[in-house]
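Chemist: Quick one: this structure, given as structure tokens, is what I'll be asking you about.
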Amino acid sequence: MKKNPRIIVTCGGTAGHINPAIAIANAIKRATPDAEILFVGADEERFNDLVQKAGYPIGHIEVEGISRSLSLANVRALYLAISSPTAAKKMLRDWHADFVIGTGGYACWPMLKAASKLGIPCAVHESNVLPGMTVNLLQSGMNRIYVNFAESADYLEAKNRKKVLRVGNPLLDGFSTTDRNEARRMLDIAPDAFVVLSFGGSLGSATVNREMMDTTEKLAPLYPNVIWLHATGNKYYEAAMTELEERGLSGKSTIRWSKYIYQMVLHMAAADVVISRSGAVTLAELACLHKAAVLIPSPNVVKNHQYKNAKTLADAGAAYLLEEQTLNENKLASVLVKLMNEPETREKLEQAIAAFAVPNAADVIWADMQTLIPD
């Protein structure tokens, strides 16, 4: 591998794509400080915010997602899907990229497609069991396809399966080393409190917010030692705060609701039970920290892939699976009460989910990338 490699990292605009990309970049800089790294994606708030906080330079490419419903906006999205690789080629040449790695999402399509056409080594990481549309479209041109779940290879074209390397899911620093008691000290949570952490993905979820509102209202008076940590998502925050006040739940030190959790590693390490969607990054984080979890897959994703992710864990006895359409006002609360009152049940879940952990995924990816970068 050449000295001072120039790496472009490209990803979609959700935390599920951005955080693994940052984890890979961090592993590269940790092992090879002289490497130069540029993040490229669509000009979106979450992408810009998280990458800037991580300290990496950003480039933008004009590209839009294709809606699953019939829409005039798809005409522009299709035009950009065809034209954006041309702009990406110019960026690759101007920046003299040695390697391009993407972590999924429509925004990584132009850079990876262009790199493949220019003969620049490139790779894509798939975090879900079912490969997304971008990975499916790009698979033939990739030098390597990194996967989180070994089963993902079964959904790729047979001729491309030899490119597959199972590496797990890259996680931000600290997810395998953060101490529970230290996390609680930093978050001002008593060591003997029972902590429930809940969130509906990086963008939030009205359904998860409603379920947590009902569950908190029902259980908080019965379990005064429980700390309720919940992220609503920016879109739903104001309405959620208004409803908390209407229900008499605001202003309580045990009920801590926020727009977004930036220090997820601390919050998850401090938790006794986590209630969440079943995005692949979240599942990898839960596995690395050995957390008892209740999973509510989002039904609003392509091919219902979150359900497949969650079922893989549930079938292994590593998590509870509750589908949105089966939720009622008591179901989540009853599962949570069971986990509060039965430490042996939590311990079984913790032991089972630990088997899915791959704490050094980003380091494995960088070690393999180096074999693909020419001298």
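Chemist: Working carefully through the options Thr86, Thr32, find the one that is over 30 Å from Arg277 (Cα atoms) and either at pLDDT 95 or above or of a type in the set (Asp, Glu) (or both).
Modeler: Working: Thr86 fails: either at pLDDT 95 or above or of a type in the set (Asp, Glu) (or both).
Going through Thr86, Thr32 in turn, the sole match is Thr32.
Chemist: Would you confirm, using the coordinates I've provided, whether Glu324 is acidic (Asp, Glu) and touching a helix residue (DSSP H, G or I) at 6+ places or on another chain (Cβ under 9 Å)? Steps first, please.
Modeler: Working: acidic (Asp, Glu): yes; touching a helix residue (DSSP H, G or I) at 6+ places or on another chain (Cβ under 9 Å): yes.
Taking the combined requirement at face value, the residue satisfies it.
Chemist: Take region 138-165 and flag every residue that is touching a Phe, Trp or Tyr at 6+ places or on another chain (Cβ under 8 Å) and surrounded by fewer than 16 Cβ atoms within 10 Å (Cβ to Cβ).
Modeler: Leu165, the sole residue that qualifies.
Chemist: Can you confirm whether Leu321 is surrounded by fewer than 23 Cβ atoms within 10 Å (Cβ to Cβ) and farther than 22 Å from Asn19 by Cβ?
Modeler: Values: surrounded by fewer than 23 Cβ atoms within 10 Å (Cβ to Cβ): yes; farther than 22 Å from Asn19 by Cβ: yes.
Considered against the rule, which asks whether it is surrounded by fewer than 23 Cβ atoms within 10 Å (Cβ to Cβ) and farther than 22 Å from Asn19 by Cβ, Leu321 comes out as yes.
Chemist: Look through region 346-375, keep the residues that are touching a helix residue (DSSP H, G or I) at 6+ places or on another chain (Cβ under 6 Å) and at pLDDT 95 or above, and return whichever of them is surrounded by the most Cβ atoms within 10 Å (Cβ to Cβ).
Modeler: Keep residues of region 346-375 that are touching a helix residue (DSSP H, G or I) at 6+ places or on another chain (Cβ under 6 Å), which gives 346, 353, 356-357, 359, 362-363, 365-366.
Within this subset, residues satisfying the condition of being at pLDDT 95 or above are 346, 353, 362-363, 365-366.
Details: Arg346: 18, Ile353: 23, Ala362: 28, Asp363: 18, Ile365: 25, Trp366: 22.
Restricting to residues being touching a helix residue (DSSP H, G or I) at 6+ places or on another chain (Cβ under 6 Å) and at pLDDT 95 or above, the top hit is Ala362.
Chemist: Still on this structure, I have one more. Which number in (1) surrounded by fewer than 19 Cβ atoms within 10 Å (Cβ to Cβ); (2) over 20 Å from Pro359 (Cβ atoms) marks the one condition that Thr177 misses?
Modeler: (2)
Chemist: Against the definition (out of contact with any Gly (no Cβ under 7 Å at 6 or more places or on another chain) and surrounded by 21 or more Cβ atoms within 10 Å (Cβ to Cβ)), how does Val196 come out, yes or no? It would help to see each step written out before you state the result.
Modeler: On the way: out of contact with any Gly (no Cβ under 7 Å at 6 or more places or on another chain): yes; surrounded by 21 or more Cβ atoms within 10 Å (Cβ to Cβ): yes.
Yes: the conditions hold for Val196.
The values are calculated or read from the model by the stated rules, or taken from the named source; none is laboratory data. Source: prediction; values computed, not measured. FYI the Cβ positions are ideal-geometry reconstructions off the backbone, even for glycines, and counts take in every protein chain you see.
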